[in-house]
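> The structure is given below, and queries will be raised subsequently.
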Amino acid sequence: MPSERPQSRTLGRVYSLYAAGLAAIFLVFALLERIGLPPQIITYGFTVTTITAYVLFGWASRTMRVSGFFTAGRRVAAAWNGLALAVSILPVAVLTGLPGSVFFGGVGALLAVLGMTGGLVLMLALVAGPLNASGAVTVPDALALRCGGTLPRLLAVVVVLASGAAALAAQLWALGELLAWGFGLTRETALVTASLLVIACTVFGGLRALTWTQVAQAFVVAAAATLPLLMLWLRARMLRAGAGMGEPLVPALTSGVPPDSAGLVMQMAADPLNAAALVVAIAAGTASLPHLLHRPIAASSAREARRAVAWAVVLGAAFALAGVAYALILSHDVAATLVGRPVARLPDWIFTEGRQGLVKICGMAAVDAVSVAAACSGAVGDAGFLRPENVALAPSVLLLAGPRAAGLPIVVATLGFTGLLAAALAASGGLAFALAAVLAHDLHHRTIDRQAPSARRLIVARLALVAVAGAAALLALRWREDAIALAPAAFALAASGLFPALVLGFWWRRTTAAGVVAGMVAGSGLCLYYVLATRFAAPAFYETWSMLSNASPAAAARYAALKVEWLAATGEAARAAARAVLEGHARGIANWFGLMPFGIALVSLPLGALVMIGVSLADRALRPAAAEVEAPRPGEPGARPFADRAA
């Protein structure tokens with residue numbers, strides 16, 4: 001294996017120049033802001049510059065080697081690999097509403113950080129080293145190497161595709177929403193642009209291009225997490241020093257129900273059972289999500305793979321805790337612009353976000369001053385000042401509009417926006433590559449066309465990447481609400497179907513192919529059933545399992561009444577409306593002991609592990625000859641080297 005030191009020194013110089021260039025461009029735009037450049041030009045100019053840099057990194061990393069495309073040549077140094085992994089995992093916290101949960105409560109944010117950090121520790125201790133030493137190209141490839149046969153590979157492919165499809169659609173939608181918010185695009189145009197950006201940053205070099213674009217994005221995320229936070233902290237210190245007190249100047253806005261996209265973390269953290277399920281799902285899911293496990297695969301050795309994950313533990317936790325601190329400091333500035341303020345003197349950003357459906361005042365979307373005044377005419381009292389219960393904010397408002405509400409310079413607010421864009425693009429690219437890799441390597445090369453030459457494999461891989469990004473964009477466009485609702489279940493599904501198979505396959509020599517297949521079917525099957533049935537067949541699920549539901553007598557009676565209304569409704573429109581109301585109510589009570597869909601991993605993960613152990617033991621007892629043929633452990637003599645796998 002060639003030495004990594006010359007490559008690391010070269011990359012160090014490249015990224016030093018890149019960082020210096022970003023700093024110079026930032027200072028230029030800061031100077032232009034001081035002399036009166038319109039804010040819109042600043043936002044467009046700085047954001048387009050960073051996006052162009054990502055595309056150029058992707059183009060410069062192009063490769064015509066199969067090993068370079070699928071595994072980045074297995075030469076990525078630990079520090080760079082850890083930085084790419086940290087920025088890939090950051091949207092885990094964003095997806096679960098980390099800053100918003102701090103703003104509206106705080107406990108859920110700590111649980112999300114705990115689960116994310118715990119998942120990286122599990123990856124470090126149990127998965128990263130053996131996965132790299134196995135010489136596998138993908139996660140299904142690793143299970144097929146360990147167990148032998150085609151069935152474990154195909155089942156793992158199904159789990160990867162099922163867990164990644166909704167997650168990629170939701171990430172593309174989030175990326176599109178950011179583009180629409182920053183550039184004023186329609187949602188459809190923004191979504192198409194988002195998928196094209198993902199393709200442009202990845203298609204030329206596969207994992208190689210993805211790695212170096214993610215490192216470039218990590219630099220932007222680090223700057224976006226540091227500079228606005230530092231400025232807010234200094235500003236808060238000066239304000240508190242001037243007030244002569246150490247307490248918040250205004251109460252945090254914790255009352256009022258956020259709009260429809262309220263963070264899942266806030267809901268789950270309120271209940272001890274769901275809080276435990278949240279930590280388990282995020283931790284085990286993080287340790288087994290395929291787009292994150294491509295980082296250990298890209299390392300040069302098992303030791304370097306563990307070092308990369310160790311770097312990611314530190315950097316990922318730092319990014320996440322920076323988000324928590326950012327939300328804690330900024331909450332007082334946002335609350336100060338709303339609580340106790342006259343209805344007639346609300347800032348302009350309230351109406352900008354209200355037109356996006358992210359801010360409600362007195363129960364109505366804050367579209368303009370006239371509509372807010374009409375909605376609040378009888379709700380705020382004679383004084384005309386807003387109270388906390390009059391205001392409802394979506395958690396994403398804190399990320400998008402918070403810097404402007406705090407009065408930070410436009411260029412600093414733009415830096416925060418580009419950091420969000422970089423994090424969303426890094427996660428979207430990783431998910432798209434992971435799905436394309438299993439289609440091209442596991443389905444095409446290892447199942448359909450085992451003798452395919454390198455050129456054909458690269459063509460298939462690039463076409464798969466384009467197809468995956470396009471299909472995810474279509475899914476997000478046509479079934480947005482379902483994709484966003486199901487996206488967090490990616491962690492539960494990976495935890496249920498992949499985590500036990502990887503851990504037992506790598507660390508328990510008595511694991512058999514039959515045990516892996518049975519365990520994956522049991523764990524992922526239960527997870528899929530619970531997630532899909534409570535979403536798409538909630539009335540049937542509730543009626544089947546009503547004895548296990550946590551529905552109160554009043555909720556059960558309400559369901560019975562709604563069902564009678566639906567059955568009695570006449571006319572297609574009336575029946576459809578009654579059915580929609582029935583299904584909406586049923587989704588709130590269709591559960592087992594109050595477990596939310598995301599939390600089923602608390603049951604399905606141990607079920608999958610127990611079935612895997614039991615069937616493996618039974619398989620060896622029924623076939624004694626199989627006990628004499630142990631599959632080689634990763635890294636041991638007899639394990640297939642990487643050159644035989646991807647060259």
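> In segment 494-587, what trypsin sites (Lys or Arg not before Pro) fall in a loop by DSSP, with at most 14 other Cβ atoms inside 10 Å?
Arg509, Arg510
> Grab the beta carbon distance between Met364 and Leu196, set R0 = 25 Å, and tell me the FRET efficiency rounded to 0.05.
0.10
> Roughly how many Å² of Leu273 are accessible to a 1.4 Å probe, to the nearest 10?
Looks like 70 Å² after rounding.
> Once all Cα-Cα distances of segment 471-533 are split into 10 Å bins that start at 0, what whole-number percent is in each one?
21, 39, 25, 13, 2
> Also, quick follow-up: So between Ala310 and Leu27, what do we pick up on full extension, going 0.36 nm a residue minus the alpha carbon distance? Provide the component values of the computation, followed by the final result.
Details: separation 283, 0.36 × 283 = 101.88 nm, distance 3.34 nm.
Length gained between Ala310 and Leu27: 98.5 nm.
> Counting other C-beta atoms within 10 Å, and keeping those with at most 15, which DSSP coil chymotrypsin sites (Phe, Trp or Tyr not before Pro) do you find in segment 484-514?
Working: sites: Phe491, Phe506, Trp507, Trp508; in loops: Trp508.
Passing sites in segment 484-514 are Trp508.
> Keeping every protein chain in place, order Arg457, Arg303, Arg480 by accessible area at 1.4 Å, biggest value first, i.e. largest first. Intermediate values should be presented prior to the final figure.
On the way: Arg457 10, Arg303 155, Arg480 90 Å².
Of Arg457, Arg303, Arg480, the descending order of accessible area is Arg303, Arg480, Arg457.
> Separate question: Across segment 551-556, in residue order, what do the Karplus-derived ³J(HN,Hα) couplings come to in whole Hz, using 6.51 cos²θ - 1.76 cosθ + 1.60 with θ = phi - 60° and x for Gly and Pro?
Once θ is set to phi - 60°, the couplings for segment 551-556 become 4, 6, x, 5, 5, 5 Hz.
> I want to verify the translational diffusion coefficient of segment 490-578 in µm²/s; compute it with Stokes-Einstein, Rh as the Kirkwood radius over Cα pairs, at 4 °C and 1.567 mPa s.
On the way: Rh = 16.1 Å.
Estimated diffusion coefficient is 80 µm²/s.
> Additional query: Put Arg306, Arg295 in order of accessible area, largest first, 1.4 Å probe: what do you get? Kindly include the intermediate steps, with their values, before the conclusion.
Values: Arg306 90, Arg295 5 Å².
Output order, biggest surface exposure first: Arg306, Arg295.
> Using only alpha carbon positions, build the gyration tensor of segment 35-83, then give the equivalent ellipsoid semi-axes as the square roots of 5 times its eigenvalues, largest first, whole angstrom. Please list the in-between numbers first.
Working: eigenvalues 241, 36, 7 Å².
Ellipsoid semi-axes (Å, largest first): 35, 13, 6.
> From the phi of every residue in segment 129-135, what ³J(HN,Hα) in whole Hz does the Karplus formula 6.51 cos²θ - 1.76 cosθ + 1.60 yield, where θ is phi - 60° and glycine or proline is x?
Residue by residue, segment 129-135 yields x, x, 5, 5, 5, 5, x Hz.
> Related question: Obtain the nm distance between the two label points defined at Arg456 and Asp348 by a simple spin-label model: each point lies 7 Å from its Cα along the Cα-to-C-beta direction.
6.0
> Further question on the same structure: So if each residue of separation counts as 0.36 nm, and I subtract the Cα-Cα distance between Arg623 and Phe536, what length gain in nm does that give? Could you put the intermediate results ahead of the total?
Details: separation 87, 0.36 × 87 = 31.32 nm, distance 4.20 nm.
So the chain would gain 27.1 nm between Arg623 and Phe536.
> Let me ask something additional. Residues with amide H under 5 Å of Val76's amide H, sequence separation 5 or more or different chain, H placed in the peptide plane at 1.01 Å from N; which?
Long-range HN contacts for Val76: Ser300.
> Next up: Arrange the residues His291, His441 by how much accessible surface each exposes, largest first, with a 1.4 angstrom probe. The partial results should precede the final answer.
Numbers: His291 25, His441 0 Å².
Of His291, His441, the descending order of accessible area is His291, His441.
> Starting with the highest mean, order 311-318, 50-57 by the number of other Cβ atoms within 10 Å, averaged over the residues of each peptide.
Numbers: 311-318: 20.6, 50-57: 18.4.
Ranked by mean Cβ neighbours within 10 Å, highest first: 311-318, 50-57.
> Using the beta-carbon distance between Arg62 and Ala569 and R0 = 56 Å, what value does 1/(1 + (r/R0)^6) give for FRET efficiency, to the nearest 0.05? Write down the numbers at each step before the final one.
Working: r = 59 Å, r/R0 = 1.06.
The formula returns an efficiency of 0.40 here.
> Taking all pairs of different Cα atoms in segment 416-532, averaging 1/r and flipping that mean, what Kirkwood radius in angstroms comes out? Numbers along the way, then the final one.
Details: mean 1/r = 0.0598 Å⁻¹.
Every distinct Cα pair counted, the radius reaches 16.7 Å.
> If the chain between Leu151 and Val48 were fully stretched, how many nm would it gain, using 0.36 nm times the residue separation less the Cα-Cα distance?
Details: separation 103, 0.36 × 103 = 37.08 nm, distance 4.57 nm.
My answer for the length gained is 32.5 nm.
> Also: Determine ³J(HN,Hα), in whole Hz, for all residues of segment 190-206 in sequence, where each value follows from phi through the Karplus function 6.51 cos²θ - 1.76 cosθ + 1.60 and θ = phi - 60°; x replaces Gly and Pro.
5, 5, 5, 4, 4, 5, 5, 5, 4, 5, 4, 7, 10, 5, 6, x, x
> Next question. Taking amide H atoms as placed 1.01 Å from N in the peptide plane, list the residues 5 or more away in sequence, or in a different chain, whose amide H sits under 5 Å from that of Leu386.
Distant-sequence amide H within range of Leu386: Gly340, Arg341, Val343.
> Rounded to the nearest 0.05, what FRET efficiency do Ile448 and Glu481 have when you use their Cβ-Cβ distance and R0 = 35 Å?
Working: r = 35 Å, r/R0 = 1.00.
Given R0 = 35 Å and the Cβ-Cβ separation, E is 0.50.
> Would you kindly find the accessible area of Met364, with a 1.4 Å probe and non-protein molecules such as ligands, DNA and RNA excluded, rounding to the nearest 10 Å²?
110
> Translational D (Stokes-Einstein, µm²/s) of segment 525-618 at 10 °C and 1.306 mPa s when Rh comes from the Kirkwood sum over C-alpha pairs?
Once the numbers are plugged in, D ends up at 109 µm²/s.
> Sticking with the crude label model, points 7 Å out along Cα→Cβ, report the distance from Arg235 to Ala577 in nm, one decimal please.
In this crude spin-label approximation the distance works out to 4.7 nm.
The values are calculated or read from the model by the stated rules, or taken from the named source; none is laboratory data. Computed from a predicted model, the values in this text were never measured in an experiment. Heads up, the Cβs are rebuilt from the backbone with ideal geometry, glycines too, and the neighbour counts pull from every protein chain shown. For the accessible areas, the whole protein counts, side chains as well, though only heavy atoms, and no ligand, DNA or RNA atoms are used. Shrake-Rupley method; radii C 1.70, N 1.55, O 1.52, S 1.80 Å.
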